[in-house]
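Student: Dropping a structure here in structure tokens format, bear with me for questions.
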Ligand code: DGJ
């Protein structure tokens, strides 16, 4: 870090883990990013000044040109998506709208928040007194090279100011020529799509009222043909569970120093955020990650960032049995007790009772909101089941969907005004509950608090099963308020029950983002437990999240969601690379199947210290029908890999496959693990290294020549 002393004109240089961020923030200009990418080394004040002077571009078709600020608008002759859009409505008699294009100028030198060899942060304040606005820009680089940005805008005027958009945009260099993002639907989340970075806007805007099955997780721009292991890439993630956007944008003029911009923020509806005098709107955290060694480099930084957060679970991730696909709504005490007995016998550590336990919930058309145990199904409450589960030494979890209500519920009948949008089309027979209404909020918090307290619950599976297209609170678009209230609900509940763990589920994997994960402890990746589908869903989920946060369960041989059949070893090895569990009526399993499950659970317990702390690696294989991924310990001494063949090849043998992430200077003992069974296709033609006793090979052979894979 090179300190910029007050009053000097030296750009600030933040450095961490091989990343440099050079920010020029000389009053009255807003901060401009001169460099975000590979570490530039220790730069003196003179070289930073020279860098800035050499950086003044001449790419705009106007007389006075400069690099874009982090909040580009037409004020900088930026023709693209503006960093700030807002308005202060004019008088009712039709007079002019005041200050439609604010001229925000920084009011003082950069404030250095933290400094050190492992990153640091800065804050810049700016105002436009005539427009009645004050802006704060925060940029910080964490020890892993993850850049966190937050903007806030304050209404310093004397009448309301409507914020329509506040987004942060960073420059992309000319080498960024391809875009990768993700899309998807229920049971097929996080499907990658690629496109060239051409002139125009590549915008992934979400107005679903939740993060979405089609959420991109990361929007990435990079060099030609970048992959998991190669290429220079820059990614952005907006940590927000409501409406949001990610974008990459390029114009003929370029973006000043560079050719394009990347960024994002919250998507606000007109009239959704109107600041009274003195009020402030803060953007969600927007994270930017650079990597010089492909997407695995981005994930490595992000996983370390996520693991360093206070909310990140520190205890061994317990093997879960979730009852949904085992019993659905058939809540029968004896059946569930038997399921728990079998679960305990094979080594399960946490038992989660899914949907169907509360009043009127005999199917998915009624009952949401009535958060009392159904007396007709559970005359003694959940105690007989909870006591039994605890007696077996298992933790107890329960499913809830606190942000929702069925019109067919006592709650909706008693409080029709608590519905988020009365009269809006139903989805899964349900509506949002207006959590920004203090009474509705208080009711739900108290019910959750009572349930967690009465049953000493270890865990909640917190679901959210519909898009919220037209949320209205107090006559205004209400999604922002709803998202803030949902976060507060989680925070308040955790404050009352600090040991509670919460899973973010949303019709499978429709709420995965670092906003919800600032107050939850794992995500449900998808409602599909089809191992073939799961291979690619999990691979892409690891772009953002480390495996220990990604719920990953073994389902029955014939997947409920796709009808595809897969053998047990393949299902087991697929579910191993996550926070593993079971989503299957194992009370109906054969003795052989239970024996395999018990061995697989022992393997999970043996490997989880490595799987849940190491670096995720994914190979870029030429063969489109195969996937290879692994987790390598931070010191490079041990690793576990999974190789999945999802489709046949047209070659008789797939050839040798390099194992990424290993240290070429070491030797490794390679050992196949058949704990969960030996795949049948390993016939006589299996390569010798697949023998149980394994083989010792130099790291160079494994990383450069590779291992022959079975055909
Ligand atoms: C959707 C979830 O994704 C499922 O796992 C299950 O919990 C159901 N909801 C219950 O209604």
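Student: Looking at (1) out of contact with any helix residue (DSSP H, G or I) (no Cβ under 6 Å at 6 or more places or on another chain); (2) over 29 Å from residue 545 (Cα atoms), which is the only condition residue 695 fails?
Tutor: Condition not satisfied by residue 695: (1).
Student: Restricting the search to the stretch 324-357, which residues are closer than 23 Å to residue 408 by Cβ, under 30 Å from the mean Cα position of the chain (by Cα) and either within 11 Å of the ligand (Cβ to nearest atom) or crowded, with 21+ Cβ neighbours inside 10 Å (or both)?
Tutor: Matches in the stretch 324-357: 324, 328, 329, 353, 354, 355, 356, 357.
Student: Among the residues of the stretch 565-573, are any touching a helix residue (DSSP H, G or I) at 6+ places or on another chain (Cβ under 8 Å) and in a strand (DSSP E or B)?
Tutor: For the stretch 565-573, residues touching a helix residue (DSSP H, G or I) at 6+ places or on another chain (Cβ under 8 Å) and in a strand (DSSP E or B): absent.
Let's see how each residue does on (1) away from the ligand (no atom under 15 Å from the Cβ); (2) assigned to a strand (DSSP E or B); (3) more than 19 Å from the chain's Cα centre (by Cα); (4) closer than 23 Å to residue 611 by Cβ:
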site	(1), (2), (3), (4)
469	yes, no, yes, no
483	yes, no, no, no
545	yes, no, no, yes
561	no, no, yes, no
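Student: Moving to a separate point now. From the list 634, 622, 644, which residue is touching a strand residue (DSSP E or B) at 6+ places or on another chain (Cβ under 9 Å) and exposed (fewer than 14 other Cβ atoms within 10 Å of the Cβ)? Write out each step before concluding.
Tutor: Working: 622 fails: touching a strand residue (DSSP E or B) at 6+ places or on another chain (Cβ under 9 Å); 644 fails: exposed (fewer than 14 other Cβ atoms within 10 Å of the Cβ).
Matching residue, one of 634, 622, 644: 634.
Conditions tested, residue by residue: (1) without any contact (Cβ under 8 Å) to a residue 40 or more places away in the chain; (2) in contact with a helix residue (DSSP H, G or I) (Cβ under 6 Å, 6 or more places away or on another chain); (3) away from the ligand (no atom under 16 Å from the Cβ); (4) outside any loop (DSSP other than H, G, I, E, B).
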{"residue": "587", "(1), (2), (3), (4)": "no, yes, yes, yes"}
{"residue": "593", "(1), (2), (3), (4)": "yes, no, yes, yes"}
{"residue": "609", "(1), (2), (3), (4)": "no, no, yes, yes"}
{"residue": "627", "(1), (2), (3), (4)": "no, yes, yes, yes"}
{"residue": "630", "(1), (2), (3), (4)": "yes, no, yes, yes"}
{"residue": "664", "(1), (2), (3), (4)": "no, yes, yes, no"}
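Student: Residue 167 - would you say it is buried (at least 17 other Cβ atoms within 10 Å of the Cβ) and on the phi > 0 side of the Ramachandran plot?
Tutor: On the way: buried (at least 17 other Cβ atoms within 10 Å of the Cβ): yes; on the phi > 0 side of the Ramachandran plot: no.
Against the criterion (buried (at least 17 other Cβ atoms within 10 Å of the Cβ) and on the phi > 0 side of the Ramachandran plot), residue 167 does not qualify.
Student: Between 485, 427, 436, 440, which is without any contact (Cβ under 8 Å) to a residue 60 or more places away in the chain, closer than 23 Å to residue 408 by Cβ and crowded, with 20+ Cβ neighbours inside 10 Å?
Tutor: Details: 485 fails: closer than 23 Å to residue 408 by Cβ; 427 fails: crowded, with 20+ Cβ neighbours inside 10 Å; 436 fails: closer than 23 Å to residue 408 by Cβ.
Of 485, 427, 436, 440, the one residue that is without any contact (Cβ under 8 Å) to a residue 60 or more places away in the chain, closer than 23 Å to residue 408 by Cβ and crowded, with 20+ Cβ neighbours inside 10 Å is 440.
Student: For residue 370, indicate whether it is in contact (Cβ under 8 Å) with a residue 24 or more places away in the chain, more than 14 Å from the ligand (Cβ to nearest atom), out of contact with any helix residue (DSSP H, G or I) (no Cβ under 7 Å at 6 or more places or on another chain) and at negative phi. It would help to see each step written out before you state the result.
Tutor: Working: in contact (Cβ under 8 Å) with a residue 24 or more places away in the chain: yes; more than 14 Å from the ligand (Cβ to nearest atom): yes; out of contact with any helix residue (DSSP H, G or I) (no Cβ under 7 Å at 6 or more places or on another chain): no; at negative phi: yes.
In short, no.
Student: Among the residues of the stretch 399-422, how many are assigned to a loop (DSSP other than H, G, I, E, B), away from the ligand (no atom under 16 Å from the Cβ) and crowded, with 16+ Cβ neighbours inside 10 Å? Can you show your working first?
Tutor: Just the residues of the stretch 399-422 that are assigned to a loop (DSSP other than H, G, I, E, B), to begin with: 401-403, 406-409, 415, 420-422.
Now restrict to residues that are away from the ligand (no atom under 16 Å from the Cβ): 407, 415, 420-422.
After this cut, where a residue has to be crowded, with 16+ Cβ neighbours inside 10 Å as well, the list is 407, 415, 420-421.
Summing the residues that are assigned to a loop (DSSP other than H, G, I, E, B), away from the ligand (no atom under 16 Å from the Cβ) and crowded, with 16+ Cβ neighbours inside 10 Å in the stretch 399-422 gives 4.
Student: Against the definition (closer than 28 Å to residue 306 by Cβ and without any contact (Cβ under 8 Å) to a residue 60 or more places away in the chain), how does residue 575 come out, yes or no?
Tutor: Considered against the rule, which asks whether it is closer than 28 Å to residue 306 by Cβ and without any contact (Cβ under 8 Å) to a residue 60 or more places away in the chain, residue 575 comes out as yes.
Student: Report, by residue number, each residue of the stretch 529-543 that is in a loop (DSSP other than H, G, I, E, B), in contact with a strand residue (DSSP E or B) (Cβ under 7 Å, 6 or more places away or on another chain) and within 16 Å of the ligand (Cβ to nearest atom). Quick ask: steps written out before the conclusion?
Tutor: Within the stretch 529-543, the first condition is being in a loop (DSSP other than H, G, I, E, B), and the residues that meet it are 529-530, 542-543.
Right, trim to in contact with a strand residue (DSSP E or B) (Cβ under 7 Å, 6 or more places away or on another chain) and you get 529, 542.
Result: 529, single match.
Student: Among the residues of the stretch 500-526, how many are assigned to a strand (DSSP E or B), surrounded by fewer than 24 Cβ atoms within 10 Å (Cβ to Cβ) and either within 13 Å of the ligand (Cβ to nearest atom) or without any contact (Cβ under 8 Å) to a residue 40 or more places away in the chain (or both)?
Tutor: 1
Student: Would a scan of the stretch 253-263 turn up a residue that is at pLDDT 95 or above and either assigned to a strand (DSSP E or B) or touching a helix residue (DSSP H, G or I) at 6+ places or on another chain (Cβ under 7 Å) (or both)? It would help to see each step written out before you state the result.
Tutor: Residues of the stretch 253-263 at pLDDT 95 or above: 262-263.
Subset that is either assigned to a strand (DSSP E or B) or touching a helix residue (DSSP H, G or I) at 6+ places or on another chain (Cβ under 7 Å) (or both): 262-263.
Yes, the stretch 253-263 contains at least one residue that is at pLDDT 95 or above and either assigned to a strand (DSSP E or B) or touching a helix residue (DSSP H, G or I) at 6+ places or on another chain (Cβ under 7 Å) (or both).
Student: Here's a check for you: in the stretch 169-212, which residue that is part of a strand (DSSP E or B) and in contact with a helix residue (DSSP H, G or I) (Cβ under 9 Å, 6 or more places away or on another chain) is nearest to residue 69 (Cα to Cα)? If you could, list the steps in order and put the result at the bottom.
Tutor: As a first pass, look at the stretch 169-212 and keep what is part of a strand (DSSP E or B): 169-172, 178-185, 188-196, 200-206.
Those still in the list that are in contact with a helix residue (DSSP H, G or I) (Cβ under 9 Å, 6 or more places away or on another chain) too: 180, 182, 184, 188-192.
On the way: 180: 25, 182: 28, 184: 34, 188: 38, 189: 35, 190: 32, 191: 33, 192: 31 Å.
In this case the residue turns out to be 180.
Student: Within the stretch 561-615, track down each residue that is in contact with a strand residue (DSSP E or B) (Cβ under 8 Å, 6 or more places away or on another chain) and surrounded by fewer than 18 Cβ atoms within 10 Å (Cβ to Cβ).
Tutor: Matches in the stretch 561-615: 564, 565, 610.
The rows are residues; the columns are (1) more than 23 Å from the chain's Cα centre (by Cα); (2) closer than 23 Å to residue 192 by Cα.
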{"position": "234", "(1), (2)": "no, yes"}
{"position": "240", "(1), (2)": "no, yes"}
{"position": "248", "(1), (2)": "no, yes"}
{"position": "252", "(1), (2)": "yes, no"}
{"position": "259", "(1), (2)": "yes, no"}
{"position": "265", "(1), (2)": "no, yes"}
{"position": "268", "(1), (2)": "no, no"}
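Student: Could you tell me which residue of the stretch 119-144 is surrounded by the fewest Cβ atoms within 10 Å (Cβ to Cβ), considering only residues that are under 26 Å from the mean Cα position of the chain (by Cα) and in a loop (DSSP other than H, G, I, E, B)?
Tutor: 143
The values are calculated or read from the model by the stated rules, or taken from the named source; none is laboratory data. Since the model is a prediction, treat every value here as computed from it, not as a measurement. Cβ atoms come from the backbone with ideal geometry, glycine included; neighbour counts cover every protein chain shown.
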